[in-house]
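The structure appears below as structure tokens.
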Amino acid sequence: MVMTETALTEFNDIVRLIAGSREFARAQRFLSRVLAILDDPSVRALNLRPTKNLEASDIIILGTGDRLKIVTVTADARAVRACKAQGVDVQVHEHRPVPLKGV
């Protein structure tokens, strides 16, 4: 499994701010199976305009998956819809958000 540098930074920031000890340990086990890759969004993703539903980081993360032609796993359905609304249909597997509880 791969994760862009931007996604990794966002993930680590959330874990550092919110996770409790068990969640932190689970996050570390997850990250031990992840290979960090450079941000490298596709040209068509770089042409997307940031909006209230599509942040610059979303463009980088989803765009890197687009360039590599891999499925991006995300809970950010709003960003996926915002890409599609601008004519860029990215390959994603959407999952339900799972908030950290500080445990």
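Just so it is clear, none of the values below were taken in a lab; they were calculated from the coordinates. Remember, predicted model here, so these are calculated numbers, not experimental data. Quick reminder, even Gly has a Cβ in these numbers, built from the backbone with ideal geometry, and neighbours come from all protein chains shown.
The table for this structure:
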read-out	value
Rounded, prolate or oblate (a/c below 1.5 giving rounded, otherwise prolate when a/b exceeds b/c) for the stretch 1-54 by Cα gyration tensor	oblate
Span from the the stretch 76-98 Cα centroid across to the the stretch 1-60 one, whole angstrom	15 Å
Around residue 20: net Lys/Arg minus Asp/Glu count, Cβ-Cβ under 13 Å	+3
Volume in Å³ per residue [convex hull over Cα atoms, computed for the chain]	93 Å³
FRET efficiency, 1/(1 + (r/R0)^6) with R0 41 Å, evaluated for residue 24 and residue 84 via beta carbons	0.75
Whole-number percent relative contact order across the stretch 2-94, with pairs defined as alpha carbons under 8 Å at least 6 apart	26 percent
Cβ-derived FRET efficiency at R0 25 Å, residue 103 paired with residue 34, nearest 0.05	0.70
